[in-house]
Amino acid sequence: MKVQENHLKSMTAVFREMLGSPGIIHAPIAYDPLTAKIAERVGFKALDIGGYALGASSCVPEPLLSLEELATATRRIAAAVSIPVMVDAGAGYGDAVHVIRTVQLLEQAGAAAVHIEDQVFPKRVHYHKGQEHVIPAEEMCEKIRYATNTRRDRDFVIAARTDAMRTDGFAEGVRRANLYTEAGADMIMIFPNNVEEARQAPREIGAPLIYVNSEGNRLNRPIFGIRELADMGYKMANDAISAITVMFKSVKELFVRLKETGQTGMEQEIFRKVRQDIEDTIGLEEYYRIEEKTVENRK
């Protein structure tokens with residue numbers, strides 16, 4: 001019933017309502033239509049297209065993804081689901097004038113929200129090693145102001161991400177977060193360095209906060225459960241790379257077995273159940289019914 005109700009509203013309106021309602025928004029990272037559809041099917045009410053996962057699925061580091069590649073992925077994923085999609089827009093693909101184009105394209109592609117970060121552009125691959133290079137806060141505020149002014153739908157959510165807690169310390173990250181809020185950001189995404197900072201941030205930042213759980217991160221950033229984050233005062237929690245890492249591990253193990261033994265090692269009954277689940281997820285049965293009423297019904 002909820003999905004049917006969502007069809008009557010724009011996804012921007014649905015996400016804006018979620019932002020203004022009690023409770024935390026739990027959004028896993030999807031990198032293609034199938035992962036997005038799985039997230040929706042198991043009950044998630046929103047999702048995020050993450051740059052790391054999208055880049056890895058294309059065998060390139062995130063900073064090498066083009067805006068057109070991101071917009072294409074957004075169109076395909078947004079078309080596959082009936083829940084709001086937030087999009088990782090990196091550093092906005094340039095200065096304020098480029099951010100305008102980025103917001104326009106992603107809004108047209110079906111995104112309900114974007115997050116833009118205060119790293120340099122072109123973004124450097126060394127950020128994967130924790131070596132973020134942040135721009136002056138004033139420049140980021142310019143980007144935010146132009147991003148919010150260029151959106152056509154006022155429900156379209158603009159989130160600002162700061163990486164300054166890693167590079168310049170917790171206090172600078174808090175200062176930037178509050179400046180970005182004053183500049184018009186609807187939400188703030190932060191990366192506290194430890195548990196103490198993660199607990200303190202919601203007390204010092206006057207905006208709905210997004211926390212990113214990044215399993216296996218090399219910087220020892222803490223991982224929290226969804227209820228714990230809600231209790232701390234976070235409004236949204238993203239799960240950054242779990243889907244892409246689990247996919248990689250599972251497929252690699254399968255291919256190793258297949259190469260070494262010539263067999264998958266999985267029971268056929270399990271295969272049949274999984275195959276049926278895939279077909280149910282993509283709605284194959286409905287296509288069968290349509291063909292049975294049309295082309296398969298002709299003599």
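The values are calculated or read from the model by the stated rules, or taken from the named source; none is laboratory data. Being a predicted model, the structure only gives us computed values, none of them experimental. Virtual Cβ from ideal backbone geometry, glycine too; neighbours counted across all protein chains shown. The protein model used for the area step is the full one, side chains on, heavy atoms only, and it has no ligands, DNA or RNA in it. Shrake-Rupley method; radii C 1.70, N 1.55, O 1.52, S 1.80 Å.
Using a simple charge model, +1 on the beta-carbon of Lys and Arg, -1 on the beta-carbon of Asp and Glu, nothing else, what dipole does the stretch 125-191 show about its Cα centre, in debye to the nearest 20?
160 debye
What nm distance separates the two modelled labels at T264 and I290, each placed 7 Å from Cα along Cα→Cβ?
2.7 nm
Net charge near Q104: determine it from the other residues with C-beta under 10 Å of the C-beta of Q104, scoring Lys and Arg +1 and Asp and Glu -1.
Net charge around Q104: +2.
Per residue of the stretch 176-184, what does 6.51 cos²θ - 1.76 cosθ + 1.60 with θ = phi - 60° give for ³J(HN,Hα)? Whole Hz please, x for Gly and Pro, Karplus curve as stated.
Taking θ as phi minus 60°, the curve returns 5, 4, 6, 5, 5, 5, 4, 6, x Hz for the stretch 176-184.
Projected area of the stretch 114-225, taken from the Cα convex hull and averaged over every viewing direction, in nm²?
If I average the Cα hull's projected area over directions, I get 7.1 nm².
What does a probe at S57 reach in the stretch 218-248, counting residues whose amide N is under 13 Å from the point 7 Å along Cα→Cβ?
Once the point is set 7 Å along Cα→Cβ of S57, 241-248 turn out to lie under 13 Å by backbone N, inside the stretch 218-248.
How far is helix 195-204 tilted, in degrees, relative to the longest principal axis of the Cα atoms in the chain, given as a value from 0 to 90 rounded to the nearest 10?
Approximately 70 degrees, to the nearest ten.
Pick from I116, I144, I135 the residue whose mean-square fluctuation is largest in a GNM of the chain, springs joining Cα atoms under 10 Å.
I135
Considering only protein heavy atoms, what per residue accessible area in square angstrom results for the chain with a 1.4 angstrom probe? All intermediate terms of the calculation are to be shown ahead of the outcome.
Values: 15780 Å² over 299 residues.
Result: 53 Å² of accessible area for each residue.
If you add up the charges near T150, with Lys and Arg at +1 and Asp and Glu at -1, over every other residue whose beta carbon is less than 10 angstrom from its beta carbon, what do you get?
+3
Between F255 and S82, what FRET efficiency follows from the Cβ-Cβ distance if R0 is 25 Å, with the result rounded to 0.05?
The pair F255/S82 has a calculated efficiency of 0.15.
Would you mind pulling out the separation of the Cα centroids of the stretch 232-299 and the stretch 49-99, in Å?
23 Å
Could you please report the charge total around P28, scoring K, R as +1 and D, E as -1 over all other residues with beta-carbon less than 14 angstrom from its beta-carbon?
-3
Specify the angular offset, from 0 to 90 degrees and rounded to the nearest 10, of the alpha carbon long axis of helix 96-108 from the longest principal axis of the alpha carbons in the chain.
On a 0 to 90 degree scale, this one is about 30.
Put a dot 7 Å past each Cα toward the Cβ at E68 and D280; how far apart are the dots in nm?
4.0 nm
Can you work out D for the stretch 159-200 in µm² s⁻¹ from Stokes-Einstein, where Rh is the Kirkwood radius over C-alpha pairs, the temperature is 25 °C and the viscosity is 0.890 mPa s?
Calculated translational D: 242 µm²/s.
Determine the principal axes of the Cα atoms in the chain, then give the extent along each, sorted from largest to smallest and rounded to whole angstroms.
Over the chain, Cα extents along the principal axes are 69, 47, 37 Å.
Percent of Cα-Cα pairs more than 24 Å apart in the stretch 147-299, please.
Summing the P(r) tail past 24 Å for the stretch 147-299 gives 57 percent.
Can you give the Rg and Dmax of the stretch 1-99 based on its C-alpha atoms, in angstrom?
Here Rg and the maximum Cα pair distance are 14.1, 42 Å.
Going by alpha carbons, how many degrees (0 to 90, nearest 10) lie between the helix axis of 284-293 and the longest principal axis of the chain?
Helix 284-293 sits at roughly 50 degrees to that axis.
Treat every Asp and Glu Cβ in the stretch 127-283 as -1 and every Lys and Arg Cβ as +1, leave all other atoms uncharged, and give the resulting dipole magnitude about the Cα centre to the nearest 20 debye.
240 debye
Taking the Cα centre of the chain as the origin and placing charges on Cβ (Lys, Arg +1; Asp, Glu -1), which of P63, T162, N297 is farthest toward the positive end of the dipole?
Highest projection toward the positive end goes to N297.
Write down the percent of antiparallel bridges among all DSSP beta bridges whose residues are both part of the chain, to the nearest 5.
Here the antiparallel bridges make up roughly 5 percent for the chain.
When the distances between all Cα atoms of the stretch 46-150 are binned every 10 Å from zero, what whole-number percent does each bin get?
For the stretch 46-150, the pair-distance distribution reads 16, 48, 32, 4.
For the stretch 85-211, what % of the accessible area comes from carbon and sulfur atoms, probe 1.4 Å?
47 percent
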